[in-house]
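The values are calculated or read from the model by the stated rules, or taken from the named source; none is laboratory data. Predicted model, so just to flag it, every value in this text is computed and none were measured. Glycine also receives a Cβ, built like all others from the backbone with ideal geometry; neighbour counts cover every protein chain displayed. Surface accessibility is based on the protein's heavy atoms, side chains included, excluding ligands, DNA and RNA. Shrake-Rupley method; radii C 1.70, N 1.55, O 1.52, S 1.80 Å.
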Amino acid sequence: MSSRLLNQIGLFFAALVIVSPAILFFLWMISLSLKFEIDNGAYPPILIPERFAWSNYVKVFEENNFLLYLWNSVLVTGTATLLALLIGVPAGYGIARLKAERSAVVIMIARMTPGLSYLIPLFLLFQWIGILGTLWPQIIIHLVVTVPIVVWVMIGYFETTPMELEEAANIDGASSWQVFRLVALPIAKPGIVVAFILSVIFSWNNFVFGVVLASRETRTLPVAVYNMLSYEQVSWGPLAAAALVVTLPVLVLTMFAQKQIVAGLTAGAVKGG
Amino acid sequence: MSAIAPERTGATMQAIGESQTIRLAPNYWPFVVPALVVVGAVIVFPWAFTLWMSVNRWTLGQSRSFAGMENYLRLASDPRFWESLVHTLTYTSLSVAAPMFFGTVAALIFDARFPLRGLLRGVFVMPMMATPVAVALVWTMMFHPQLGVLNYLLSLIGIPAQEWIFNAKTVIPSLVAVETWQWTPLVMLIVLGGLASVPREPFESAEIDGANAWQQFRYLTLPMIAPFLMIALIIRTIDALKSFDIIYAMTQGGPGTASETINIYLYNTAFSYYDIGYGSAIAVVFFIVIVALSFILLMLRQRSQWIDAEGK
């Protein structure tokens, strides 16, 4: 019994060691964001300051138009995810039922393609149609990220849902659309949740599309943070606070939806080969 | 191997099902069409257009003219391109090897039962989900030669201060450290999925036969999770080749061009110099590199499965 306990304690500490880079990083991030300039420049470094610089967070929102960029991020991620669900859930269903494994190859190629190679042609296209100053270019190009994720997760999901009910409904004379909407879709709700979460996270985190397509008014949060780094005064406290504000929604989502994320990523990954 | 068997039986069952209900077979194509249209617009069209641009002399704001293979020939004799290819391959091999090792170790730990396992696993996964630009920003501060916390930590164990991303010699390993920090969790999750599918019985009999922990890992666990390791390897390779956010946000390819990978060079060509003809040629070659490497790994995977099946 006691050797089993020792074993558990040993495993706990091994896990602690391997998780420590993550713990230390996020602790340091919080620490940086809550320190005044003088404490951030101190040597040896200070982890917990005597006075907390909550003003760093106030500064982020006051000086950098952060509320606008937050709103832009919500619009781009929200619209790109909803469109992807609208298109991708039926597509995942169709592909799973058609056993169209070749279409999975298209998604694999989409995964292999560097985001930048979509950017040159679509940038020109958006310029020609004259929508460059709006959020639409970013919403449209985010579909490159969100649609494959949703389709991928949903193929995996619909492949595991039982066919018997659908076949029964089909024999009873229901149309394909009715079968999908009334039989397949309700069962697939957990899968849709997984697809939604992953799509939101990867769209929210995307940087490369915004850095090319966003103008001053249409920046999303990652681009806004990057611009703070390159153009504004390099003051660590507000910078770290901004970084934390950008990534906090995603981290909170990760903590609460850990199970769904793990399920989605491993399902997608295991099928991904 | 466990992944194949259910698929195969599924396919045969489906085949039987089809032959029985052939006249009632519902039409599934309308479900797929909207996605096909979108994929065509945002994925296939850009590719066709990129191919066309790559055979043109075209800098934004200037007139365009047909160039044939000129851009590709220029690429072959462009030292900056070859340098960026070397950087990409160095960066990729390191950013695959390190997460594969640490991810497998982490998966073996998290496969066991111990207190606070769920919480620790949750924290372990967070780097992968965190916004890359935010991550890059904080790492840049930690790498700071004078004020960074990393040099302070090194000084505690008597290692002299480093210049990290600010020195041409150490910039790629430093960026790899960040990439490893961020993407080890994905390898862990995939391998953990593999470990979950490993049956208990062989280990019990191995235990009785007196096999030690290393022998059990080497001769039982490792072969059984090999397909999952292969998948992790392929995904990690593709992602590392494509890595952009962290490199661009931390160094923009610098100092000088010391960390300029193909992806960064592509960005600079197309969006700093606006040479979109040449940039498109780089994009095409870059894509070929990615597909070729993935294809080689996929072949290896098939071979490993084949050996697996033979062994069984």
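Condition first: free of Cβ contacts under 8 Å to residues at least 40 places away in the same chain, open to solvent by 20 Å² or more (accessible area, probe 1.4 Å), within 30 Å of A:G41 (Cβ to Cβ) and at the interface with chain A (Cβ under 10 Å from one of its Cβ atoms). Can you find one or more residues in region B:113-124 that meet it?
Scanning region B:113-124 turns up at least one residue that is free of Cβ contacts under 8 Å to residues at least 40 places away in the same chain, open to solvent by 20 Å² or more (accessible area, probe 1.4 Å), within 30 Å of A:G41 (Cβ to Cβ) and at the interface with chain A (Cβ under 10 Å from one of its Cβ atoms).
If we scan region B:264-273, do we find a residue that is facing chain A (nearest Cβ under 8 Å), in contact with a strand residue (DSSP E or B) (Cβ under 9 Å, 6 or more places away or on another chain), in contact (Cβ under 8 Å) with a residue 24 or more places away in the chain and within 23 Å of B:G68 (Cα to Cα)?
No, region B:264-273 has no match at all.
Taking only region A:122-135 into account, find how many residues are over 15 Å from A:V76 (Cα atoms) and open to solvent by 10 Å² or more (accessible area, probe 1.4 Å).
So the count comes out to 6.
Does region A:70-106 hold any residues that are more than 16 Å from A:E159 (Cα to Cα), open to solvent by less than 50 Å² (accessible area, probe 1.4 Å) and at the interface with another protein chain (Cβ under 8 Å from one of its Cβ atoms), and which are they?
Across region A:70-106, the qualifying residue is only A:I87.
Determine which member of the set A:A91, A:A53 is more than 28 Å from A:G133 (Cβ to Cβ), hydrophobic (A, V, I, L, M, F, W, C) and at pLDDT below 90.
Exactly one of A:A91, A:A53 is more than 28 Å from A:G133 (Cβ to Cβ), hydrophobic (A, V, I, L, M, F, W, C) and at pLDDT below 90, namely A:A53.
Residues that are facing chain A (nearest Cβ under 9 Å): list the helices (runs of 4 or more DSSP H) wholly contained in region B:152-245 that include at least 2 such residues.
Result: B:171-196, B:222-242.
Might you check whether a residue that is buried (at least 20 other Cβ atoms within 10 Å of the Cβ) and closer than 18 Å to A:V252 by Cα occurs anywhere in region B:134-145?
Yes, region B:134-145 has at least one match.
Return the total of residues in region A:107-121 being of a type in the set (A, V, I, L, M, F, W, C), facing another protein chain (nearest Cβ under 7 Å) and buried (at least 22 other Cβ atoms within 10 Å of the Cβ).
Number of matching residues: 2.
Give the residue, chosen from A:N7, A:N56, that is touching a residue at least 24 places away in the same chain (Cβ under 8 Å), more than 23 Å from B:M126 (Cα to Cα) and outside any loop (DSSP other than H, G, I, E, B).
From the options A:N7, A:N56, the qualifying one is A:N56.
Keeping to region A:136-172, report how many residues are at pLDDT 90 or above and either open to solvent by 50 Å² or more (accessible area, probe 1.4 Å) or over 14 Å from A:I95 (Cβ atoms) (or both).
9
Can you pull out every residue in region A:190-216 that is within 8 Å of chain B (Cβ to nearest Cβ) and touching a residue at least 40 places away in the same chain (Cβ under 8 Å)?
If the condition is that a residue be within 8 Å of chain B (Cβ to nearest Cβ) and touching a residue at least 40 places away in the same chain (Cβ under 8 Å), then A:I201, A:W204, A:N205, A:V208, A:V212 are the ones that fit.
Determine whether region B:138-147 contains at least one residue that is farther than 30 Å from A:P238 by Cα and either of a type in the set (G, A, S) or without any contact (Cβ under 8 Å) to a residue 60 or more places away in the chain (or both).
For region B:138-147, residues farther than 30 Å from A:P238 by Cα and either of a type in the set (G, A, S) or without any contact (Cβ under 8 Å) to a residue 60 or more places away in the chain (or both): absent.
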